[in-house]
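To start, the structure under review is shown below, and the notes come after it.
The values are calculated or read from the model by the stated rules, or taken from the named source; none is laboratory data. Owing to the predicted nature of the structure, the values given are computational and were not obtained by experimental measurement. Note: ideal-geometry Cβ built from the backbone for every residue, glycine included; neighbour counts use all protein chains shown. Areas reflect the complete protein model, heavy atoms only, side chains present, ligands, DNA and RNA absent. Shrake-Rupley method; radii C 1.70, N 1.55, O 1.52, S 1.80 Å.
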Amino acid sequence: MLLLASGEIPGRRHEARAGTRDGIHKIRHVVIIMQENRSFDSYFGTYPGADGIPGLAGHPGTVPCVPNPRERHCESPFHDASERNAGGPHGHGNALSDIGGGRMNGFVDQAEQGRMHYCRLHFDDPRCSYTPDRPDVMGYHDWREIPNYWEYASNFVLQDHMFESDTSWSLPAHLFLVSGWSARCTRHGDPMSCRPAVQDPGSPPGEPGNTTGRPPDYAWTDLTYLLHKHRVSWGYFVAKGAQPDCDDDAMFCAPVPQNAKTPGIWNPLPYFDTVKADHQLADVRPLTAFYKEAQDGTLPSVSWITPAQAVSDHPPALISAGQAYVTGLIDTIMRSPDWDSTAIFLAWDDWGGFYDHVRPPRVDGQGYGLRVPALVISPYAKHGFVDHQTLSFDAYLKFIEDDFLHNRRLDPRTDDRPDPRPDVRENARILGNLVDDFDFDQRPRPPLILPLHPPFS
């Protein structure tokens, strides 16, 4: 069995001594690295100590078997050693079907339907599946294919109940990531005209859901409004390349170019009225700027990082390419003068049609969505800790607000910019607190520099 850099068996859980929440302000830099389209079970379903696939790797229960209606049998989770996956459709309707009223048994059927149905019309639709003859949505990877992700889990914090904020695809997920809501606005510049939109909040031109060719207007309030108001620096860093939901290699659709100047489904902030009104479009920057600021020790207080398709983990991108990209980002941060005051939150924006066995809890009418992998990496992170709290991307907003904004929330009643969002997601009773993943009493831990290209088994 492969040993990790720490010399320990992959996935061994460690008991973390109790820390204190009082030290949150030791974190002066939050970096959110958002990857794409993986369920928790597809990456950590056999991780010891986590809520993983029943019946496998010592986890209690019977191994699930998910129906394949086309072939009239059921399919169980299997180890997938492939570097390239197809995944399944991942729109709102697909999420509901995958969940199946809590039975978590729709994954194979949806993958089959996605290939046969939506792909005949729109290959760049998230409801389309690039599935081969045998769907791979029941496949899972482990330390043999993604050793660096498992290494981070073994040395820092793995969260095994992180749910996508909404039951849908990438665009709504990224809107929740920066604003705690996904909505569609009917009057330009009028926040009160916005209504919840779990599937179609208004896509950029050329993307699924945009039939007019006009750019969307996100008129509700996002987190940058509060950050700017209270003079907290931020940056949204965009990798140059192509946008997702398009198979570049098979040329199912023409790749949509992406850079810091092109708003898109992974880069929605330029469509927010607040960003334009505050003259902060320049804070949406190329990823090269992040590397330089990390090396110089000049990181902003809050950073979001979005990938390009080829390094995103979004099928059909190679998972080895995604792991190398993420490792390079983390190695750069760890070598930075800012490492001792940084918290890295690494997650995947939606489940990508891959199997997960945990029924999501219901929070308002938009979420939570299916479970996704998530890690906390920091000199103050607990060591080898598996966090079982119920979390969503709203927890990132909550941590940032508690750290930099004196517990202020994206709340229409208090933020001087009303909008009709149905609730304040950061205050959901079910939502855990990321501070519990830290031990601020411990001595800051040294960097853990990993190779960009570990052996692929």
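In the chain, helices alone account for a calculated mean residue ellipticity at 222 nm of -5500 deg cm²/dmol, with every DSSP H run of four or more residues adding -39,500 (n - 2.57).
Taking only C-alpha pairs under 8 Å that are 6+ residues apart, what is the relative contact order of the chain in percent?
Computed value for the chain: 27 percent relative contact order.
Could you give the distance between the Cα centres of the range 312-389 and the range 410-457, to the whole Å? For the range 312-389 versus the range 410-457, the Cα centre distance is 11 Å.
For Rg/Rh (Cα atoms, Kirkwood Rh), computed directly from the structure shown, the correct entry in [x] 0.98; [y] 0.94; [z] 1.10 is [y]. Only protein atoms count toward the accessible area here, which uses a 1.4 Å probe; on the range 332-457, the carbon and sulfur part of that area reaches 49 percent. Considering only A294, A277, I146, and ranking their Cα positions along the charge dipole of the chain that arises from unit charges at the beta-carbon of Lys, Arg, Asp and Glu, the one farthest toward the positive end is A277.
Amide hydrogen proximity for A197: with H placed 1.01 Å from N in the peptide plane, the residues at 5 or more positions away or on another chain lying under 5 Å are S182, A183, R184. For G367, neighbours were defined as the other residues whose beta-carbon sits under 10 Å from its Cβ, and their charges (Lys and Arg +1, Asp and Glu -1) total -2.
The residues packed around P64, meaning those with a beta-carbon under 11 Å from its beta-carbon, carry a net charge of -2 if Lys and Arg are +1 and Asp and Glu are -1. In plain terms, the chain from T212 to F78 could stretch by 43.9 nm, reckoned as 0.36 nm per residue minus the Cα-Cα distance.
For the range 304-457, a crude dipole built from +1 on the beta carbon of Lys and Arg and -1 on the beta carbon of Asp and Glu, taken about the Cα centre, is about 220 debye to the nearest 20.
The charge dipole of the chain, taken about its Cα centre with unit charges on the Cβ of Lys, Arg, Asp and Glu (plus for the first two, minus for the last two), comes to roughly 520 debye.
With a cut-off of at most 15 other beta carbons within 10 Å, and DSSP calling the residue loop, which trypsin sites (Lys or Arg not before Pro) in the range 403-457 qualify? Please list them. Passing both the DSSP loop test and the Cβ count: R408, R413, R429.
Do any trypsin sites (Lys or Arg not before Pro) in the range 359-402 lie in a loop, going by DSSP, with at most 12 other beta-carbon atoms within 10 Å of their beta carbon, and if so which?
R362
In the context of the full set of protein chains, the chain has a per residue accessible area of 36 Å² (1.4 Å probe). Straight-line cross-link reach from K382 at under 30 Å between alpha-carbon atoms covers these lysines, not counting any fewer than eight positions away in the same chain: K26, K292, K398. With the whole protein complex present, L370 retains an accessible surface near 0 Å², based on a 1.4 Å probe. Taking trypsin sites (Lys or Arg not before Pro) across the range 184-242, the ones in a DSSP loop with at most 10 further Cβ atoms lying within 10 angstrom of their Cβ are R231. A simple charge model with +1 on the Cβ of Lys and Arg, -1 on the Cβ of Asp and Glu and nothing else charged puts the dipole of the range 402-457 at about 120 debye relative to its Cα centre. Note on the chain: antiparallel DSSP beta bridges, both residues inside, total approximately 40 percent of the bridges counted. Exposure check, 1.4 Å probe, all protein chains in place: E112 carries approximately 0 Å² of accessible surface. Amide H to amide H, with H built 1.01 Å from N, V363 comes under 5 Å of Y368, counting only residues 5 or more places away or on other chains.
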